[in-house]
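Right, one structure below, let's go through it.
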Amino acid sequence: MPLLEVKIPPMGESISSGILAKWHVADGDVVKKDQPLFELETDKITSEGTAEAAGKITLKAAAGDEVKIGQVVASIDSDGTAAASSAPAAAAPAASAAKSAEQSPAVRRLAAETGIDPASVAGTGKAGRATKGDMLAASAKATEATAAPAPVPPAAKAPVAPASPQSALPTPQSSSPASRQTRRKMSPLRAKIAQRLVAAQHEAAMLTTFNEVDMSAVMALRAKYQDDFVKKNGLKLGFMSFFTKAVVHALKEVPGVNAQINGDSIVENHYYDIGVAVSTEKGLMVPVIRNCDTLGMADIEKAIGDAAKRARESKITLADLEGGVFTITNGGIFGSMLSTPIINPPQSAILGLHAINDRPIALNGQVVIRPMMYLALSYDHRLVDGKEAVTFLVKVKQAIEDPTRLLLAI
């Protein structure tokens, strides 16, 4: 049977190349059909490549290589499955060599400089792979073992003179620059995020307005109906569905925020596809939840949970990230008290949520303790006036403090 070529799959019309971030398998491994093989990073998404057939795999590209769409990075020999399983002893050296070959460029460089085989190092990385820190530690240990003087027998020890104040001072230990810093190439996704954030600040007249919201009503509603909600839908009722619905409500009340600038034209949107920022190991991604005006709370919670899971597992697609009209980002899950989020172009506004903290507030002439959250709306002042921005944020605040407004659309 001819070898099956493993190629870099199409990612979208605007993506022509990417970085082969890591292999999930080693050269010579026997793989199963649909087994994840590699992780590919592009300037827009991170995705996985899977095996189209079972067999013995031969790698033709190393982790860290830049690869083109359609490039052959491995081959699978389905006839090699039985042969590989019948010779486990002979496969051990190959597996060790493959383990060394699949390391990062920094680890391979240190291996060449120090002569230490990464396969012999107890790695702390994924699948037991040696990291740069592991290699540096192994190198330092080997150097200490070589440089350590032989112990002096007790009888041969000379009398020790009393130490002077100056000689009692600790001697600074010298360390190589490599042990004080770690350098790695910026991933295409991280580089693209940086480029877009800088461009947004340069191109938009960005301004941020703030407000605070009393979360008592939403928290009481969740506590009252959480068990019934879980029994019916199989997932918990979170805060994001409330804020998504509140944003849709505010966009309908203040349609000027649901627009964008295209050249010298203003494009008004009449749909409500809301982006929800998700933090991943590769960087911030904003999957879009479609038609939020037609979805119920459970549908929104399911859609957000599914999108976040696929983003963190590198299974998000380019189509999942395109076409949003507004973005919500929640720094509160990390404890953020207040921030000024950056607009996600070409959108004209973004809502930042923050941590919920009990704070004293004045209510009906009395000081009471309530769970309060700061809200931040960053907007493009070229398109959105201050009055519209403040009104929009007030509408969100009102909807959260009195969720009945969402039901009655007032």
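Nothing in this text is a laboratory measurement; each read-out follows from the coordinates by a stated rule. Everything quoted here is computed from the prediction, not taken from an experiment. Here the Cβ is made from the backbone with ideal geometry for all residues, glycine too, and neighbour counts use every protein chain on show.
Within the range 188-408, the ratio Rg/Rh, alpha carbon atoms throughout and Rh by Kirkwood, equals 0.96. Altogether, the Stokes-Einstein calculation at 25 °C and 0.890 mPa s, with the Kirkwood radius of the range 5-84 over Cα pairs as Rh, returns a diffusion coefficient of 194 µm²/s.
Loop-located trypsin sites (Lys or Arg not before Pro) in the range 332-407 (DSSP state not H, G, I, E or B) with no more than 16 neighbouring Cβ atoms inside 10 Å: ARG382. Residue by residue, the range 41-54 carries 3J(HN,Hα) couplings of 9, 10, 6, 10, 9, 10, 9, 10, x, 10, 7, 8, 7, 8 Hz when phi is fed to the Karplus relation 6.51 cos²θ - 1.76 cosθ + 1.60 (θ = phi - 60°); x denotes Gly or Pro. Listing ARG184, ARG190 from fewest to most neighbouring C-beta atoms within 10 Å gives ARG184, ARG190. Put in line by how crowded their Cβ is, counting other Cβ atoms within 10 Å and starting with the fewest, VAL396, VAL367, VAL73 read VAL367, VAL73, VAL396. Of the peptides 346-358, 27-39, the ranking by mean beta-carbon count within 10 Å, highest at the top, reads 346-358, 27-39. By the compact-protein rule of thumb, 2.2 N^0.38 Å, the alpha-carbon radius of gyration of the range 248-326 corresponds to a ratio of 1.19. Measuring between their Cα centroids, the range 190-257 and the range 263-336 lie 10 Å from each other. Note on LYS68: lysines with a C-alpha under 25 Å away, same-chain residues under 8 apart excluded, are LYS7, LYS22, LYS32, LYS33, LYS44, LYS56, LYS60, LYS99, LYS185, LYS192, LYS282, LYS315. The coefficient of translational diffusion for the range 282-410, derived via Stokes-Einstein from the alpha carbon Kirkwood radius under 25 °C and 0.890 mPa s, stands at 146 µm²/s. A simple packing score, the average count of other Cβ atoms within 10 Å per residue, orders the peptides 58-66, 218-226, 321-329 as 321-329, 58-66, 218-226, with the highest score first. Among the GluC sites (Glu not before Pro) in the range 220-292, those placed in a DSSP loop whose Cβ has at most 15 other Cβ atoms within 10 Å are GLU281.
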